[in-house]
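Trainee: Mind looking over this structure? Questions follow.
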Amino acid sequence: NISPIYPPLGLLYIAAILEKEHDIKVVDYDADGMNDQKLKQIFKTFNPDLVGLTASTANINSAKQIASLAKQEGIKTLLGGLHSTMMPEECMNYNCFDFIVKGEGEITIPLIVDNLDNKEFNIDGMWYKKNGEIIRNKDRPYIQDLDSLPFPARHLLKNPTAYKPPDAMREPVTPMMTSRGCPTRCTYCCTKHILGQEFRFRSPKNIVDEIEHVIREFGIQEIHLMDDVF
């Protein structure tokens with residue numbers, strides 16, 4: 001039984017924004033020891049209006065399975081992350097996803113949640129289906145003021161200290177991002193498509209505040225910086 005290396009930082013950023021106005025639940029399929037039956041039980045008891053997933057290309061099939069379980073319960077589904085940004089057309093052609101989000105989701109996803117009952121979505125950064133036809137909204141500009149984002153909602157993890165990177169010297173560990181974007185154009189890397197080529201960074205005070213927060217709230221002993229450029 002291998003412990004997952006890092007919590008889903010992207011989901012936790014979006015959760016931190018959504019929890020201000022909505023009841024939300026974060027489920028880490030691996031860290032929480034999930035199986036399909038347990039997940040179905042959560043869908044039944046929590047009864048969400050929307051299930052949001054993130055997926056890279058390596059785990060898109062798992063995301064499709066989870067989304068299909070949600071659809072069986074009549075729940076709307078949304079896919080964000082690496083694969084939906086790089087392969088939006090492919091993802092929209094799967095019947096299990098109602099919406100896909102391209103690029104950063106912190107502004108786009110709350111707008112979708114606030115407008116879930118609508119039949120049309122004039123929201124930049126997302127695609128959706130209307131009467132079987134794919135509607136492709138334009139891309140959303142990158143977030144310029146990273147200090148405006150709340151810290152990732154690590155408190156919503158079932159076990160925030162369950163993550164064990166193999167190179168950690170001291171535990172518990174948490175990942176952190178102090179900047180986004182990378183100005184280079186490496187052919188093997190998709191950061192330029194997801195977080196853009198414009199380098200954006202948080203203020204030193206905002207970063208130190210988060211460091212103090214994770215030490216105080218979770219007893220974090222080691223921080224791993226996930227920036228593409230540090």
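Trainee: Quickly run through region 191-208 and pick out the residues that are over 13 Å from residue 141 (Cα atoms), touching a residue at least 40 places away in the same chain (Cβ under 8 Å) and not hydrophobic (A, V, I, L, M, F, W, C).
Mentor: Selection gives 202, 203, 206.
Trainee: So, in region 160-193, of the ones that are within 17 Å of the chain's Cα centre (by Cα) and open to solvent by 30 Å² or more (accessible area, probe 1.4 Å), which residue ends up nearest to residue 150 (Cα to Cα)?
Mentor: Per the criteria, the residue is 177.
Trainee: List pairs: first in region 22-33 and open to solvent by 50 Å² or more (accessible area, probe 1.4 Å), second assigned to a loop (DSSP other than H, G, I, E, B), Cβ under 6 Å, 6+ apart or cross-chain?
Mentor: 30/4
Trainee: Something else now. Determine, yes or no, whether residue 54 is open to solvent by 50 Å² or more (accessible area, probe 1.4 Å), under 12 Å from the mean Cα position of the chain (by Cα) and among the polar types (S, T, N, Q).
Mentor: Working: open to solvent by 50 Å² or more (accessible area, probe 1.4 Å): yes; under 12 Å from the mean Cα position of the chain (by Cα): yes; among the polar types (S, T, N, Q): yes.
Spelling it out, residue 54 is indeed open to solvent by 50 Å² or more (accessible area, probe 1.4 Å), under 12 Å from the mean Cα position of the chain (by Cα) and among the polar types (S, T, N, Q).
Trainee: May I ask you to list pairs of residues, at least six apart or on different chains, whose Cβ atoms are under 6 Å apart, with the first in region 154-173 being assigned to a loop (DSSP other than H, G, I, E, B) and the second being among the aromatic types (Phe, Trp, Tyr)?
Mentor: Pairs found: 160/218; 163/6.
Trainee: In this structure, does residue 220 turn out to be in a loop (DSSP other than H, G, I, E, B), crowded, with 17+ Cβ neighbours inside 10 Å and out of contact with any Gly (no Cβ under 8 Å at 6 or more places or on another chain)?
Mentor: On the way: in a loop (DSSP other than H, G, I, E, B): yes; crowded, with 17+ Cβ neighbours inside 10 Å: yes; out of contact with any Gly (no Cβ under 8 Å at 6 or more places or on another chain): yes.
Yes, satisfied.
The values are calculated or read from the model by the stated rules, or taken from the named source; none is laboratory data. Everything quoted here is computed from the prediction, not taken from an experiment. We place every Cβ from the backbone using ideal geometry, glycine too, and count neighbours over all the protein chains shown. Surface accessibility is based on the protein's heavy atoms, side chains included, excluding ligands, DNA and RNA. Shrake-Rupley method; radii C 1.70, N 1.55, O 1.52, S 1.80 Å.
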